[in-house]
Amino acid sequence: MWWFALRNLRRRPLRNGLTFAGLAVAVAVLACLVSFGQGYQRALGTELDRMGMQMMLVPLGCPYDAAARVLKGRPLENSLPESALDEVRRDPAVAVAAPLLVAALTSPGKGRADMWVGLDESALALKPWWSASSGEKWFQDPDSVILGCDAAETEMRTPGDLFFSPETGRKLRVTGVLERSATSDDSLCFGPLGAA
């Protein structure tokens with residue numbers, strides 16, 4: 001039986017060669033498509049992990065109210081009560097609840113508004129990509145700040161540098177600069193929640 005199959009293969013080498021080549025191409029295309037699908041799924045999972053949060057509680061009227069206030073140079077009001085955080089943390093369906101205080105501080109002399117975010121250590125669970133390219137990954141004291149890579153470039157600051165905050169009347173020390181993450185964190189300035 002094997003001898004008959006081998007003899008048949010030798011009789012028409014071109015046809016058999018083309019058949020094997022066609023099968024090889026089909027298997028290679030299938031392997032490429034499977035690899036592409038797995039790579040796409042892995043990249044999508046990474047991107048979703050970098051989003052950091054799936055649901056956010058905000059004050060009534062936000063973001064439209066906030067955008068209008070920022071455009072008119074008015075301060076943002078924090079009308080979400082602190083009791084909301086305790087209530088959310090008690091909910092068994094919530095894995096992590098992290099408070100954030102976001103403020104846009106206008107710099108009239110520079111012609112821009114800087115975005116500042118006050119946070120506490122619970123926010124690190126929502127930001128697994130946080131890594132310091134230089135300096136520390138977390139605040140050393142209430143007057144320390146961490147800058148996103150773009151914010152550090154704009155401010156021309158490195159860890160250890162001091163800069164004066166006219167809004168608070170305090171000198172702040174740069175504790176760290178974050179690694180580029182391709183998220184909004186790159187252009188933000190971070191401070192401890194209590195100080196914020």
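The values are calculated or read from the model by the stated rules, or taken from the named source; none is laboratory data. Keep in mind it's a predicted model, so treat the numbers as computed, not measured. Positions of Cβ are generated from backbone atoms using ideal geometry, with glycine treated the same way; all protein chains shown enter the neighbour counts.
A few points about this structure:
- Pairs where the first residue, in the range 127-154, is more than 25 Å from Thr46 (Cβ to Cβ) and the second is basic (Lys, Arg) and modelled with pLDDT under 80, C-beta under 8 Å, 6+ apart: Asp143/Arg170
- Taken together, Glu179, Glu155 contain a single residue that is farther than 15 Å from Gly118 by Cα, surrounded by 14 or more Cβ atoms within 10 Å (Cβ to Cβ) and touching a Leu at 6+ places or on another chain (Cβ under 7 Å), which is Glu155.
- Close pairs from the range 35-54: first surrounded by 10 or more Cβ atoms within 10 Å (Cβ to Cβ), partner among the basic types (Lys, Arg) and at pLDDT 70 or above, Cβ under 6 Å, at least 6 apart: Gly52/Lys127
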